Amino acid sequence: MNDTAADLSATRLVALDWGTSSLRAYRLGDGGRVLELRHRPWGIMHLPPAPAGEDAGTGAAFERALQDACGDWLAAAPQLPLLACGMVGSAQGWREARYLPTPTSLDALAQGLTRVERPGGQPLHIVPGLLQTGELPNVMRGEETQVLGVLAGLPAEDPGPWLVGLPGSHSKWVVAQRSGIAGFHTFMTGEVFAALRGHTILGKTMAPADAPGSAVPDDAAFVRGLRVAGGSDAGLGLLSHLFSTRTLGLTGVLPASAQADYLSGLLIGHEIAALASVHPPGSGATAPVQPLLCGEPDLCRRYALALRLQGFAEPAIAAQATPSGLWQIARAAGLPAPGTPQQPSSAESLAA
């Protein structure tokens with residue numbers, strides 16, 4: 001059902017989480033409250049094709065995706081501002097948004113928005129990505145917005161610092177304070193797991209991902225992998241440990257149904273062990289002693305197990321926070337459409 005102009009009267013911002021494989025469009029009201037969410041399969045690598053006789057250019061394809069996701073919102077309330085984060089700002093996106101150097105702040109992100117003109121409509125503003133320079137440079141797009149949303153939900157009196165984990169294909173660990181993002185690390189854990197399972201000999205003895213019962217995680221096998229990663233022979237390293245996925249299967253120790261969970265434990269265990277070597281758990285003067293996790297619930301549960309085994313404090317689990325982060329950036333940039341006056345949210349202290 002399409003919205004009417006009356007239905008949109010409480011809307012202040014159209015916020016877009018636009019990644020490689022999908023597009024999420026949010027209608028946000030006062031305070032960043034999510035009034036409506038729509039999900040479309042139009043990631044930057046898969047955009048709607050042009051009908052016969054229409055413009056097949058890149059910009060036109062992105063506009064078609066936008067119209068499919070929320071064109072009725074924009075038609076009914078053409079004054080609504082638009083703000084997007086994620087890979088839509090990459091070199092393969094609608095318009096490349098520059099990387100800002102870390103450390104960075106909410107204000108810097110708000111002041112660094114890239115503007116994309118849209119004939120006949122409000123411009124689209126794109127949040128910049130982040131670049132961490134050094135001998136091994138690191139980048140992120142989209143996660144910076146999610147981290148700001150996570151911080152917005154924390155008590156204002158808690159100064160941090162925090163170690164915010166965003167597990168996934170390319171897991172990010174972000175060192176964050178009230179002043180913004182101090183630095184971050186990337187681990188290709190999820191993508192490596194998928195590659196090892198699908199394209200190496202390790203996958204040959206595993207039960208298929210769609211086998212009956214495979215959706216139920218085997219926590220015992222997962223914890224076994226964690227303990228091997230952090231055990232007495234941890235010095236042998238990940239490349240040695242990986243082969244034990246096969247040998248434990250061949251010797252009958254691990255059934256086929258448990259081997260994928262064991263492999264997951266090995267990979268996540270090595271990730272968290274490496275993290276602990278850089279950010280030792282505890283209450284040291286410079287150690288981020290407050291771990292936080294934000295992501296898919298079962299994956300966060302597994303990462304919480306790994307953190308505890310490495311001596312970290314019990315991590316808090318945050319809800320999906322991208323719309324909240326987009327709202328914080330929009331407020332700092334002065335984008336939301338006027339509405340009922342409201343008190344500044346505690347999250348605005350991030351810009352202090």
*What about residue 135, is it of a type in the set (Asp, Glu), open to solvent by 10 Å² or more (accessible area, probe 1.4 Å) and in contact with a Pro (Cβ under 8 Å, 6 or more places away or on another chain)?*
no
*Looking only at region 155-175, count how many residues are free of Cβ contacts under 8 Å to residues at least 60 places away in the same chain and crowded, with 21+ Cβ neighbours inside 10 Å.*
2
*State all residues of region 231-258 that are open to solvent by 50 Å² or more (accessible area, probe 1.4 Å) and not in a helix (DSSP H, G or I); if no residue qualifies, say none.*
232, 233, 243, 251, 252, 253, 255
_Residues (within 14 Å of residue 259 (Cβ to Cβ) and outside any loop (DSSP other than H, G, I, E, B)) located in region 196-218_ = 196, 197, 198, 201, 202, 203, 204, 205
*asked:* From the list 144, 96, exactly one residue is surrounded by fewer than 23 Cβ atoms within 10 Å (Cβ to Cβ), of a type in the set (D, E, K, R) and under 20 Å from the mean Cα position of the chain (by Cα). Which is it?
replied: 96
*asked:* The conditions are (1) under 27 Å from residue 142 (Cα atoms); (2) assigned to a helix (DSSP H, G or I), and residue 222 fails exactly one of them. Which is it?
replied: (1)
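Does region 117-125 contain any residue that is under 26 Å from residue 291 (Cβ atoms), modelled with pLDDT of 95 or more and either open to solvent by less than 50 Å² (accessible area, probe 1.4 Å) or part of a loop (DSSP other than H, G, I, E, B) (or both)?
Narrowing region 117-125 to residues under 26 Å from residue 291 (Cβ atoms): none.
Checking region 117-125: not a single residue is under 26 Å from residue 291 (Cβ atoms), modelled with pLDDT of 95 or more and either open to solvent by less than 50 Å² (accessible area, probe 1.4 Å) or part of a loop (DSSP other than H, G, I, E, B) (or both).
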*Kindly check whether there is at least one residue in region 289-301 that is assigned to a loop (DSSP other than H, G, I, E, B), among the acidic types (Asp, Glu) and buried (at least 16 other Cβ atoms within 10 Å of the Cβ).*
no
*asked:* Any residue at all in region 184-196 that's farther than 30 Å from residue 140 by Cα and either of a type in the set (Phe, Trp, Tyr) or buried (at least 21 other Cβ atoms within 10 Å of the Cβ) (or both)?
replied: no
_Of all residues making up region 26-78, the number that are at pLDDT 95 or above, among the β-branched types (Val, Ile, Thr) and either over 25 Å from residue 148 (Cα atoms) or open to solvent by less than 20 Å² (accessible area, probe 1.4 Å) (or both)_ = 1
*So which residues in region 259-280 are open to solvent by 30 Å² or more (accessible area, probe 1.4 Å), over 16 Å from residue 305 (Cβ atoms) and part of a helix (DSSP H, G or I), if there are any at all?*
274, 277, 278
_Pair list, Cβ < 6 Å and 6+ apart or interchain, from region 256-272 residues that are within 10 Å of residue 224 (Cα to Cα) to residues that are of a type in the set (D, E, K, R)_ = 261/218; 262/224
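The values are calculated or read from the model by the stated rules, or taken from the named source; none is laboratory data. Since this is a predicted model, take the numbers as computed values, not measurements. Every residue, glycine among them, receives a Cβ derived from its backbone with ideal geometry; neighbour counts consider all protein chains shown. Areas reflect the complete protein model, heavy atoms only, side chains present, ligands, DNA and RNA absent. Shrake-Rupley method; radii C 1.70, N 1.55, O 1.52, S 1.80 Å.
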